[in-house]
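Worksheet: the structure to be examined is printed underneath.
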Amino acid sequence: MSERKFTGKHAAAVFIGAFGVIIGVNILLAVSAIKTFPGLEVKNSYVASQEFNTRLHEQEALGWSVRADAAGGLVTLSITDQAGQPVEVADLKAVVGRATHVKEDIEPVFTFDGTAYVAKAELGDGNWNIRMVARAEDGTEFTQRVVLHVKG
């Protein structure tokens, strides 16, 4: 029985194979990250950072709380004031989507039913984010990301 020797060619093949796998995985992850990146949130992050505290204080002064629920093909957004009373806003826009990608993002049309905002939306099980922008009667903008856990 002849003994096989580990030669320089074998070492080169192992070296090239290992780094080939590492580079291939990195390329795959980079392409996946680029495909799922939703884009810029703001045009100028410096300007947005300068206005952040002002917007935060205005939003906190409203005293609103938001809760989301999903059942029976409906998504419900409950916006309440400090006293726990329902709030009817001047304008409401929301995007419902997964936290990890934008493929399933939808913009349901919410209508106020006297106690909460309701929209038709069939959501699969798992974690969802509702990125909402509401405007108070006085023009104050209220933005929030509301986490929604859907169980089947």
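Over the residues of the chain, the helix contribution to mean residue ellipticity at 222 nm works out to -11000 deg cm²/dmol, using -39500 (n - 2.57) for each DSSP H run of at least 4.
In this structure the chain gives 73 Å² per residue of accessible area when probed at 1.4 Å with all protein chains present.
How much of the accessible area of the chain, in percent, comes from carbon and sulfur atoms when a 1.4 Å probe is used?
On the way: 6340 of 11090 Å².
Solvent-exposed carbon and sulfur of the chain make up 57 percent of the total.
Going highest first, how would you order 25-33, 129-137, 113-121 by mean Cβ packing within 10 Å? Numbers along the way, then the final one.
Numbers: 25-33: 10.0, 129-137: 17.6, 113-121: 15.8.
Top of the packing list down: 129-137, 113-121, 25-33.
Helix 8-36 and the longest principal axis of the Cα set of the chain meet at an angle near 10°. Using bins of 10 Å that start at zero, the share of Cα-Cα pairs per bin across the chain amounts to 9, 27, 25, 14, 8, 7, 5, 3, 1, 0, in whole %. Cα centroids of the range 123-152 and the range 1-23: 54 Å apart. For the pair THR7 and ALA33, a Förster radius of 35 Å applied to the C-beta separation gives a FRET efficiency near 0.35, rounded to the nearest 0.05. With r defined as the distance between the Cβ atoms of THR111 and VAL150 and R0 fixed at 25 Å, what FRET efficiency is calculated, to the nearest 0.05? Step by step, r from the Cβ atoms, then E = 0.75. Principal axis extents of the Cα atoms in the range 64-150, from largest to smallest and rounded to whole angstrom, are 35, 23, 20.
The values are calculated or read from the model by the stated rules, or taken from the named source; none is laboratory data. Computed from a predicted structure; not experimentally measured. Quick reminder, even Gly has a Cβ in these numbers, built from the backbone with ideal geometry, and neighbours come from all protein chains shown. With ligands, DNA and RNA removed, areas are computed over all heavy atoms of the protein, side chains included. Shrake-Rupley method; radii C 1.70, N 1.55, O 1.52, S 1.80 Å.
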